[in-house]
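Have a look at the structure that comes next, please.
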Amino acid sequence: MNKRAKYITNWIHDYVDEHKLSTLVIGISGGIDSSVVSTLCAETGLSTKVISMPIHQNAEQNNLSGAHGEWLTTKYSNVTHSVINLDSVFEEFAGCFDSEDLLALANSRARLRMTTLYQVAQMNNGLVVGTGNKVEDFGVGFYTKYGDGGVDISPIADCYKTQVWNMGRSLGVLQEIIDAAPTDGLWDDGRTDEDQIGMTYQELERAMMVDNGMPNYYAATTKMLETYRNFRIPNLHKMQPIPVCMVPEEIE
């Protein structure tokens, strides 16, 4: 385990201890972010529940989620892995609407999973652990508001994607997961994050660093910066506090 992973593991443990909770609940998708976060949680020694929640899932993604869950339960005695199939719940929900807006339905999948995780957490005196990293979630807002963005703590929110991959290697996460193309798992056609964003995470990091005025050995191209900003700006509402209308006292 590298120093970053050790620091985050201790941070998670201290937070749970301080708030007198007993269980960590994480949704796992077979992707690198959820695999790293669930392993960091397992490393705390606390009761850790990892949940696979397929919704008409791409077979490869589902297999990776299952393989990671099996790896965790084999390596850590404090981890349990459950599979909660949400196919029928999603179909019932989607059937309530005349429109088949694919983006809206993709986001609804994430929100059904969030509800499921909170149900498990509530039943086990636990908290829902977020899997968002510094680039996709807190850089360009590539997540579902009140879906995978609905969490209690965000252990890797200050980690670039490359740092998440490095932690995965140091923790011994399955090589197939490290090598897999990142995807949010919300689409029937199995589209990747790069398909949706239009650039790799390495390119996003470079653009993010340049846009933030950070020293960087690799200059971002004008196209990278343009793509980064065009994706980020419409999503800023996800990363900012909910606007509150402050009514002056003289108005009754």
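Could you please find all residues in the stretch 172-181 being buried (at least 19 other Cβ atoms within 10 Å of the Cβ) and either at pLDDT below 80 or farther than 30 Å from residue 103 by Cα (or both)?
173, the sole residue that qualifies.
For residue 29, state whether it is without any contact (Cβ under 8 Å) to a residue 60 or more places away in the chain, among the small types (Gly, Ala, Ser) and either over 18 Å from residue 177 (Cα atoms) or not in a strand (DSSP E or B) (or both).
no
Going by the structure shown, is residue 97 of a type in the set (Phe, Trp, Tyr), within 20 Å of residue 185 (Cβ to Cβ) and outside any helix (DSSP H, G or I)?
no
Something else about it: Hey, can you tell me all the residues within the stretch 40-88 that are of a type outside the set (Ser, Thr, Tyr), over 26 Å from residue 9 (Cα atoms) and free of Cβ contacts under 8 Å to residues at least 24 places away in the same chain?
59
How many residues does the stretch 159-181 hold that are of a type in the set (Ser, Thr, Tyr) and either assigned to a loop (DSSP other than H, G, I, E, B) or free of Cβ contacts under 8 Å to residues at least 60 places away in the same chain (or both)?
2
Hey, another quick one. Please go through the stretch 11-59 and give me each residue that is of a type in the set (D, E, K, R) and within 18 Å of the chain's Cα centre (by Cα), ordered by number.
Scanning the stretch 11-59 gives 33, 49.
Taking the conditions exactly as written (touching a helix residue (DSSP H, G or I) at 6+ places or on another chain (Cβ under 9 Å), of a type outside the set (Asp, Glu), modelled with pLDDT under 95 and surrounded by 18 or more Cβ atoms within 10 Å (Cβ to Cβ)), does residue 126 satisfy them or not?
For residue 126, the condition - touching a helix residue (DSSP H, G or I) at 6+ places or on another chain (Cβ under 9 Å), of a type outside the set (Asp, Glu), modelled with pLDDT under 95 and surrounded by 18 or more Cβ atoms within 10 Å (Cβ to Cβ) - is not met.
I would also like to ask the following. Any idea how many residues of the stretch 70-108 are more than 27 Å from residue 176 (Cβ to Cβ), surrounded by 13 or more Cβ atoms within 10 Å (Cβ to Cβ) and out of contact with any Phe, Trp or Tyr (no Cβ under 7 Å at 6 or more places or on another chain)?
Number satisfying all stated conditions: 5.
With respect to residue 116, determine if the residue is within 18 Å of the chain's Cα centre (by Cα), crowded, with 21+ Cβ neighbours inside 10 Å and touching a residue at least 60 places away in the same chain (Cβ under 8 Å).
No; evaluated as a whole, the condition is false for this residue.
Looking at the stretch 190-202, I want the residues that are within 20 Å of residue 63 (Cβ to Cβ) and have a partner that is among the acidic types (Asp, Glu) and assigned to a loop (DSSP other than H, G, I, E, B) with Cβ atoms under 7 Å, at least 6 apart or on another chain. Which pairs are those?
Within 7 Å, the pairs are 193/136; 193/184.
Return the residue satisfying two criteria in turn: it lies in the stretch 10-50 and is in contact with a His (Cβ under 8 Å, 6 or more places away or on another chain) and aliphatic (A, V, I, L, M), and of such residues it is farthest from residue 130 (Cα to Cα).
46
Any residue at all in the stretch 151-158 that's farther than 21 Å from residue 62 by Cα and part of a helix (DSSP H, G or I)?
No, the conditions are met nowhere in the stretch 151-158.
Look through the stretch 159-169, keep the residues that are surrounded by fewer than 19 Cβ atoms within 10 Å (Cβ to Cβ) and more than 24 Å from residue 63 (Cβ to Cβ), and return whichever of them is modelled with the highest pLDDT.
Restricting to residues being surrounded by fewer than 19 Cβ atoms within 10 Å (Cβ to Cβ) and more than 24 Å from residue 63 (Cβ to Cβ), the top hit is 166.
Moving on. I'm trying to understand the selection: among the residues of the stretch 181-217, which are more than 15 Å from residue 161 (Cβ to Cβ) and of a type in the set (Phe, Trp, Tyr)?
The answer is 187, 217.
Between residues in the stretch 230-247 that are assigned to a loop (DSSP other than H, G, I, E, B) and residues that are of a type outside the set (A, V, I, L, M), which pairs lie under 9 Å by C-beta distance while being six or more apart or on different chains?
Close Cβ pairs (under 9 Å, with a partner that is of a type outside the set (A, V, I, L, M)) amount to 243/237.
The values are calculated or read from the model by the stated rules, or taken from the named source; none is laboratory data. Everything numeric in this text was worked out from a predicted model, so none of it was measured. Cβ sites come from the backbone with ideal geometry, for glycine too, and all protein chains shown count toward neighbours.
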